[in-house]
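The values are calculated or read from the model by the stated rules, or taken from the named source; none is laboratory data. Source: prediction; values computed, not measured. Positions of Cβ are backbone-derived with ideal geometry, glycine not excepted, and every protein chain shown enters the neighbour counts. When the accessible area is computed, the model is the full protein with side chains, heavy atoms only, and any ligands, DNA or RNA have been set aside. Shrake-Rupley method; radii C 1.70, N 1.55, O 1.52, S 1.80 Å.
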Amino acid sequence: MIDRIAAGEVVERPASVVKELVENSLDAGASRVTIDIEEGGRSLIEVADDGQGMSPADLELAVARHATSKIKSVYDLERIATLGFRGEALSSIASVSRLMITTRRKEDTAGVSLVVEGGRRAESSQLGAPVGTLVAVRDLFFNTPARRKFMRAVSTELTHIQAWVTRLALARAEVQFVLRHGRRRLIDAPAAADLSQRATAVLGREVFEHLHALQYAKDGLNVTGLVSAPDLSRANPKAIYFFINGRFVRDRMLQHALMAGYQTVLPHGRFPVAVLKIDMDPAVVDVNVHPQKTEVRFGDTRVVHQAVSASVASVLSCAPWLKSARSYVIRGSEGSEKGVGNPRAGQVREALSRYASHGLHDKAGQGQWSTPRIPQPVRLPFGIEAPAQGVSLSSYNLVGTLWDTYILLSAPDGMFVVDQHAAAERITFERLRKQAESARVTSQRLLVPVQLELDAGSVARCEEQQERIMALGFEVEKFGETTLNITAVPALLADAPCAVLLADVLEELAQSYGSSSWESARLEVLGRMACHSSLRAGKTMSETEIRALLEQLERIDFAGTCPHGRPVMARFSKTEVERWFQRT
Ligand code: ADP
Ligand code: MG
């Protein structure tokens, strides 16, 4: 029983088994690691490597370690607590599965195979085998029903597995990685010459041209890696990878430092794609806090924060693509294809001009991480909800537009400022929501199918979520392992570049996996889709267009739904305006 409880610490779910096995392969000097999964890891996790292998005696030891520790339990439990989980993984896995290891060293003429079931050593035999090790974990948690029940849907477990293999593959670009689920290849990463080649293989081809290399060395601290130009951003921080001395870690301070490096070139709520490797004296960093949580403790947090933010800021500030990023934004705000990857074009443009004028380069990294230099955009107290109640916007006087972005209206007791893009987004959102709630989002067939390149895992997930995707107004077909054909799109968004649109939707869907209900997840996705509504800030609108927009806006029941996105309008009361001029 004790061993099964202990196993829970290391073996939380199939992905943790994959992680431990692949780490062992890497420790054994493998240049090729192949991972085969069946049923999300429930029935089979198989990791094959071409590493150094084990002698028959080592093999017995490798799985027996825990048995030894059970005999001297008190002493060993203490040791585990202090030394981490050395030698724990294989025996833990063996205690909650049917484990088979086949291995051969270069110097041995025959291989050896060992079977352990539920911690009980079953058999071993000699056999012919290639040099390296093959570990097969079958029926995970077969003897711990509580844990077995805890396993989520196949797609959820696969998402976690793929996440871990991606991290390990990014950590070791020179090693070949293949991850298969049944006959599907989810990751296919040949040995890479450098990190950017590897990143392209595991993060998707579309990231390639947006990633820029970074290098920094100071005070015994080395930072290398890739960060994305502001034109490639994501709605969540999942594409941010940190490695400390070769180990993947998750850390709020590091993420904060990265975001501080971007300062304001990314709009609020967007995250870059980044792979950052930090190498430092192991004596001043502890990455073994917990085997699963991938936490890290630094001796001196500030030095690390400064190194990360400074290196990111400097690659951003001296890169030639800052110019192209700016022109991208301007083109984007005119509604061209390229800008749509980033829905908040206006915000970005603003941020970029601030960014350019601040001379980011020399200021980089001087701040404390608890006090960002440029405050986050403030959420205005006059939100989306309040002013719409009972106002009839279209009856107010149209004063004009400001910077082709805001509509100014005067009312008897105040002034309204409407953000034209936010308004269009909101209207589209409401229409999409209505359609989705009554049946499905109305779609429009494309004359010519559009292809979307993804990583194989996303294509697989897309297939699994076909129904939801159709309910959102898309029709897609698989077209090869890493390609989708889009044949129909939501009619309301027919003008938007559909590949980008669908990619956003898939990202949003992946995020909602297993957590929230479809009802609430759907709202999130629809909100994301609405960002692609064609009216952008910076587009000159005719008076007729403005009137039409306001009329549509009036019909929205703002109170009825949870608002998505940023404020649509602001209201200044007459009293407030009078206060400005000290008339009161
Ligand atoms: P640890 O990795 O902390 O030593 P594990 O339980 O993960 O503990 O592995 C136990 C031992 O089994 C390792 O120290 C190593 O000697 C051996 N081993 C495990 N997997 C492999 C492999 N793929 N190739 C060679 N040896 C391995
Ligand atoms: Mg190990």
(request) Collect the residues in region 101-137 that are away from ligand 1 (no atom under 14 Å from the Cβ), of a type outside the set (Lys, Arg) and either under 40 Å from the mean Cα position of the chain (by Cα) or outside any loop (DSSP other than H, G, I, E, B) (or both), keeping them in residue-number order. (result) VAL115, GLU117, GLY118, ALA122, GLU123, SER124, SER125, GLN126, LEU127
(request) Look at region 472-495 and say how many of its residues are under 23 Å from the mean Cα position of the chain (by Cα) and under 18 Å from ARG433 (Cα atoms). (result) 2
(request) Say whether the condition of being without any contact (Cβ under 8 Å) to a residue 60 or more places away in the chain, open to solvent by 20 Å² or more (accessible area, probe 1.4 Å) and part of a loop (DSSP other than H, G, I, E, B) is met by at least one residue in region 238-250. (result) yes
(message) Going through GLU576, GLU507, GLU554 one at a time, which residue ends up being among the acidic types (Asp, Glu), modelled with pLDDT under 85 and within 30 Å of GLU157 (Cβ to Cβ)?
(response) GLU507
(message) Could you go through region 314-325 and let me know if any residue there is farther than 27 Å from VAL202 by Cα, at pLDDT 50 or above, of a type in the set (Val, Ile, Thr) and open to solvent by 10 Å² or more (accessible area, probe 1.4 Å).
(response) no
(message) Among the residues of region 441-452, are any buried (at least 21 other Cβ atoms within 10 Å of the Cβ) and out of contact with any Gly (no Cβ under 8 Å at 6 or more places or on another chain)?
(response) yes
(request) Would you point out the residue of region 253-270, among those that are open to solvent by 20 Å² or more (accessible area, probe 1.4 Å) and at pLDDT 90 or above, that is nearest to the chain's Cα centre (by Cα)? (result) GLN255
(message) Residue pairs, Cβ under 9 Å, 6 or more apart or interchain, first in region 406-427 and free of Cβ contacts under 8 Å to residues at least 12 places away in the same chain, second open to solvent by less than 10 Å² (accessible area, probe 1.4 Å). List them.
(response) LEU408/PHE416; LEU408/VAL418
(message) Restricting to region 99-126, give me the number of residues that are open to solvent by 50 Å² or more (accessible area, probe 1.4 Å), in contact with a strand residue (DSSP E or B) (Cβ under 8 Å, 6 or more places away or on another chain) and either farther than 27 Å from ARG42 by Cβ or outside the structural domain of LYS19 (by TED's automatic domain parsing) (or both).
(response) 1
(message) Here are the criteria: (1) modelled with pLDDT under 85; (2) farther than 21 Å from ALA548 by Cβ; (3) within 28 Å of the chain's Cα centre (by Cα). Tell me which single one VAL441 does not satisfy.
(response) (1)
(message) Of all residues being in a helix (DSSP H, G or I) and closer than 11 Å to VAL137 by Cβ in region 17-46, which is nearest to ligand 2 (Cβ to nearest atom)? Just the residue, please.
(response) GLU20
(message) It is to be established whether one or more residues within region 410-431 are open to solvent by 40 Å² or more (accessible area, probe 1.4 Å) and assigned to a strand (DSSP E or B).
(response) yes
